[in-house]
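One structure below.
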Amino acid sequence: PRRGPGSSLSPGSGRPGWYPCPTIGNPCGAMDFVQTSVSYYIKTAGQVGGLEHRAAQDAATKVERSASPLAAAPPRSEILKLVQTLREDAVLEYDEAHDLQQGQLEKLAGKAKAVADFQAEVRSLRPAPKLARKLQNVRAVFDDGFAEPSRVESPLVLLRDLAGGLGDWDELIADERLRSWMLLRRCHKDVFESDFDEIKHGILWDELRSRTGAVTRKTAWYVRSPCECPYHYTSEPVFPHHIPPWFDKLMRRWLHGICGDNRPDSVNLNLYEDEDHGVAWHSDDESLFGGLHGDCAIISVSLGDTRCFQAARSLGCLGPRLVYDNESLCEVALGHGDVCTMEGYFQKYYIHRVQPLSRCVRPRP
């Protein structure tokens with residue numbers, strides 16, 4: 001600024017607001033330099049790290065508060081040292097954040113590669129020995145020297161044989177070594193078209209939802225006294241209803257020629273009402289059926305439109321996922337009136353699923 005009359009640059013004299021700056025050489029110049037340097041630092045640190053460094057803001061605020069026109073300016077060397085320290089801190093913080101992010105990405109990539117390697121092994125049908133040791137029942141599935149008791153050693157009469165040759169039965173899976181059978185009788189004449197609507201409107205349905213909240217299907221669990229046990233889908237229980245007389249009459253008509261008066265005392269019903277409805281790979285290995293420790297017969301009666309049913313030998317679990325053996329995969333279209341049975345140790349060694357349809361004309365239980 002210009003000097004007016006009577007003004008002086010000597011200490012202790014001059015107009016209010018003026019003071020000598022030995023470092024910069026002009027009034028208020030030190031404060032301007034500090035603000036400019038710190039602003040430059042914040043801009044540079046943002047370019048380097050993509051971060052808004054709180055320490056820089058605090059330092060800038062502190063300097064601004066202390067740097068008034070009436071106060072003595074800090075030496076230039078201290079200002080430069082402060083700016084350099086703050087900038088180094090910002091760079092270090094950015095490097096640490098970058099390293100952490102890289103580590104997380106590498107960890108995710110490692111998991112993705114492990115899943116890809118596992119899937120490749122499964123596609124090859126014969127898992128490597130190291131992988132095989134991690135899977136349940138792999139020895140039983142692939143070791144031809146292992147066998148469950150035969151039907152001669154431990155007698156077992158299949159439902160097809162109890163039916164006395166009634167109708168034609170297809171052997172979809174006949175695994176004598178693992179004591180597992182899946183049999184199919186097409187278009188049972190005692191399953192009427194009207195049965196579908198009677199069941200759909202007469203059953204008390206519960207909705208099952210996925211983790212995202214989407215409905216995957218409707219279900220119901222009916223039992224015959226004295227059974228009162230609930231049915232569990234993982235941790236979600238479905239509480240029982242007693243089989244009503246009208247439903248018992250349907251079951252008697254459907255199954256009398258197959259198992260006589262020895263009808264099942266529990267019924268699990270599933271209604272696939274939407275094209276996205278289905279059920280993932282699973283086995284009916286609940287303890288109340290006893291399928292993991294002995295022979296178990298499960299009878300499936302299909303009503304309504306045709307759905308794709310698949311079954312295959314289980315290779316155990318990879319995390320929460322059930323993995324199947326491609327070589328043993330069996331796929332069949334189940335239509336109205338089809339009766340499918342899973343018998344012996346089927347629930348111990350095999351898994352099954354109903355795939356969602358891309359298009360569903362009519363739902364069916």
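Condition check ((1) more than 20 Å from A333 (Cα to Cα); (2) among the acidic types (D, E); (3) free of Cβ contacts under 8 Å to residues at least 24 places away in the same chain; (4) surrounded by 12 or more Cβ atoms within 10 Å (Cβ to Cβ)) across all residues:
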{"residue": "R151", "(1), (2), (3), (4)": "yes, no, no, yes"}
{"residue": "L159", "(1), (2), (3), (4)": "yes, no, no, yes"}
{"residue": "L183", "(1), (2), (3), (4)": "no, no, no, yes"}
{"residue": "H201", "(1), (2), (3), (4)": "yes, no, yes, no"}
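List every residue pair whose Cβ atoms lie under 6 Å apart, where the two residues are 6 or more positions apart in sequence or sit on different chains, the first residue falls within region 137-148 and is under 10 Å from R177 (Cβ atoms) and in a loop (DSSP other than H, G, I, E, B), and the second residue, located anywhere, is open to solvent by 40 Å² or more (accessible area, probe 1.4 Å) and modelled with pLDDT of 70 or more. That search, which allows pairs on different chains as well, returns A147/R177. Taken as a whole, region 189-199 holds no residue that is modelled with pLDDT under 95, surrounded by 12 or more Cβ atoms within 10 Å (Cβ to Cβ) and not acidic (D, E). All conditions but one from (1) under 25 Å from G337 (Cα atoms); (2) out of contact with any Lys or Arg (no Cβ under 8 Å at 6 or more places or on another chain); (3) modelled with pLDDT under 90; (4) surrounded by 15 or more Cβ atoms within 10 Å (Cβ to Cβ) apply to P240; the one that does not is (1). When region 253-268 is filtered for residues that are open to solvent by 60 Å² or more (accessible area, probe 1.4 Å) and closer than 16 Å to P226 by Cβ, only D265 remains.
Would you check if T61 is part of a helix (DSSP H, G or I), of a type in the set (S, T, N, Q), open to solvent by less than 70 Å² (accessible area, probe 1.4 Å) and modelled with pLDDT under 70? Considered against the rule, which asks whether it is part of a helix (DSSP H, G or I), of a type in the set (S, T, N, Q), open to solvent by less than 70 Å² (accessible area, probe 1.4 Å) and modelled with pLDDT under 70, T61 comes out as yes.
Considering only residues of region 206-261 that are assigned to a strand (DSSP E or B) and among the charged types (D, E, K, R), which is farthest from the chain's Cα centre (by Cα)?
Narrowing region 206-261 to residues assigned to a strand (DSSP E or B): 206-209, 215-223, 231-233, 236-238, 241-242.
Right, trim to among the charged types (D, E, K, R) and you get 206-207, 209, 217-218, 236.
Details: D206: 22, E207: 19, R209: 13, R217: 17, K218: 20, E236: 16 Å.
If we take residues in region 206-261 being assigned to a strand (DSSP E or B) and among the charged types (D, E, K, R), then D206 is farthest from the chain's Cα centre (by Cα).
Residue-by-condition table, conditions (1) within 29 Å of the chain's Cα centre (by Cα); (2) modelled with pLDDT of 90 or more:
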| position | (1), (2) |
| --- | --- |
| S283 | yes, yes |
| L288 | yes, no |
| G291 | yes, no |
| G294 | no, yes |
| Q310 | yes, yes |
| L322 | yes, no |
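Can we say T219 is under 21 Å from A280 (Cα atoms), of a type in the set (V, I, T) and open to solvent by less than 50 Å² (accessible area, probe 1.4 Å)? The answer is yes for T219. Within region 339-360, is there a residue that is farther than 25 Å from R211 by Cβ, of a type outside the set (K, R) and surrounded by fewer than 17 Cβ atoms within 10 Å (Cβ to Cβ)? No; the residues of region 339-360 include none that is farther than 25 Å from R211 by Cβ, of a type outside the set (K, R) and surrounded by fewer than 17 Cβ atoms within 10 Å (Cβ to Cβ).
The values are calculated or read from the model by the stated rules, or taken from the named source; none is laboratory data. Since the structure is predicted, the reported quantities are computational estimates derived from the model, not experimental observations. Cβ sites come from the backbone with ideal geometry, for glycine too, and all protein chains shown count toward neighbours. These accessible areas exclude ligands, DNA and RNA; they are computed on the full protein's heavy atoms, side chains included. Shrake-Rupley method; radii C 1.70, N 1.55, O 1.52, S 1.80 Å.
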